[in-house]
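Just so it is clear, none of the values below were taken in a lab; they were calculated from the coordinates. Here the structure is a predicted model, which means the values were calculated and not measured. Glycine also receives a Cβ, built like all others from the backbone with ideal geometry; neighbour counts cover every protein chain displayed.
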Amino acid sequence: MKGAIAIELKHVTKRFGSVLANHDVSLQVRHGEILAILGENGSGKTTLMNMIAGIYYPDEGEIYIDGKPALIASPKDAFGYGIGMIHQHFKLVDVFTATENIILGIEDKTKYNLKEAADKVAAISEKYGFDIQPNKKIYDMSVSEKQTVEIVKVLYRGAEILILDEPTAVLTPQETEKLFAVLRRMRDDGKSIIIITHKMHEVLALSDRVAILRKGEYVDTVETADTNETVLTEMMVGQKVSLNIDRTEPKNPIDRLIVENLHMTNAEGIGVLNNISFTARSGEILGIAGIAGSGQRELLESIAGLCHLDGGRILYNDPKTEEQVNLRDKTPLQIRELGVRLSFVPEDRLGMGLAGNMDIIDNMMLRSYRRGHSIFLDRQKPKDLAEKIIEDLQVVTPSATTPVRRLSGGNVQKVLVGREISSSPSVLMAAYPVRGLDINSSYTIYRLLNEQKEHGVAVIFVGEDLDVLLELCDRILVIGGGTITGTVDARSTTKEEIGLLMTKTEGGVSHAK
């Protein structure tokens, strides 16, 4: 059975109106292998996987399971063929236990027996090495535990083909290694595993073969052992690209932002930030690492004047006046009127970042608009800026007048990052600026951040990929549970050390000057 074709796509095409998402795609997945799907943003990876999972239905072409034609018109049909997809955003009921979530929706015409179900969950966990407590509530679980529940949920239903969409996006290095060990055991048991990821080092470390898509079309499938990062990237993009982050030494670093003893509680009175203190310097990139939800977003929003703080100071050394200003409790507009150019790339790019129904030009105007002297607005400068961002960042869009909501997630991100950097800030806070971007686009953003550093900007970079943090940043501040657990020198630390600090909840080491 192992090595035989588990699933085969033949000449699959999918359109959304006039947009051709996938065109004439043919590829194979074998039993007992891990196949990575690679491609730039908008290359059709997720659309293709959604057709296998029954979320979309092909306009043309066929899908074969174990050599026989398969009709997959819904996720229920997909489960019938032994196909399960683990999405990046989990679909779990918080107040239910792991076992209750796993058996939810199963129609086997028998009365539910939670004890038997929990025993079966435990047996699956033991077989593959999952770390799961069947009776634990979802709201008490870490991100890694929730992901485990999602994987066990499809295995419980008898899945032989598993599709994982960006499975390591919010995991620590230690959690990632545990997941990879489990996936390898599942592969050795004959399962077919398809993984979508933008992290090239994970592709090379985990997969057996790599299938490449470019602009919705299938390029090739290669043996992972016979390729490398540069070759795969060139196949994705169709031309030679540079994958180097040229980190330079900070020149004349000056304390630009001094954060002292920040405290913040949420509406329920729970502490979100606790005694946060650090300094961001001009001409350097300060990285912030932490498990999702550890307070990174609240920290950056409080500096940008978007959150109310309970205590602490945010001191800004203005390079123009050489005066020190306390930004605490000022509104975002007051901060900008002081000449403080804090640019903020939020996690929710279409929530507080961009207006989805407005076109790219109007979204450029949002950043610069003031209470004008005229009822008429100058659209030429925003238009020029929009066209420059489209060209420099290779934004895939029909025109600058296209509504932002019609762009793919990765292209929305490019517009947002480009607009923020264009405002010429003295402090640039970038929260997950490459989330969802392909490797080529990501390196374009890294180069832009490095250019800002070279121009004397104090860059604060919140990222998920520890390899990038180590390669891009000068210092890395690690935050866990709203507390700084350590500050390290990016040139001398390791992923393992940062991973350990990410799981701590009290102050840890600091060996970065």
Using a 7 Å offset from the Cα along the Cα-to-Cβ direction at both LEU71 and PHE16, what is the distance between the two label points in nm, to one decimal?
2.7 nm
Correct response: the longest run of the chain lacking exposed GluC sites (Glu not before Pro), defined by DSSP loop and at most 16 other Cβ within 10 Å, is 108-267
Using alpha-carbon positions, what is the distance between the centroids of the stretch 415-481 and the stretch 115-178, in Å?
32 Å
Straight distance only, please: which lysines reach the Cα of LYS215 with their own Cα at less than 25 Å, same-chain residues fewer than 8 apart left out?
LYS10, LYS14, LYS45, LYS199, LYS240, LYS388, LYS414
Just tell me which lysines come within less than 22 Å, Cα to Cα, of LYS330; anything on the same chain fewer than 8 places away is out.
LYS320
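Using R₀ = 30 Å, calculate the FRET efficiency as 1/(1 + (r/R₀)^6) where r is the Cβ-Cβ separation of GLU454 and ARG406; round to 0.05. Display every interim value, and only then the final one.
On the way: r = 35 Å, r/R0 = 1.15.
With a Förster radius of 30 Å, E is 0.30.
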Cβ-placed point charges (K, R +1; D, E -1), dipole of the chain about Cα centre in debye, nearest 20
820 debye
So how do ASP131, ASP255 line up by other beta-carbon neighbours within 10 Å, fewest first?
ASP131, ASP255
Rounded, prolate or oblate for the chain? Axes are the square roots of the Cα gyration tensor eigenvalues, ordered a ≥ b ≥ c, and the cut-off for rounded is a/c under 1.5.
prolate
At R0 = 25 Å, FRET efficiency that the Cβ-Cβ distance of ARG184 and VAL231 yields, to 0.05
0.60
So for the pair HIS89, TYR139, with labels modelled 7 Å out along Cα→Cβ, what separation do we get in nm?
2.1 nm
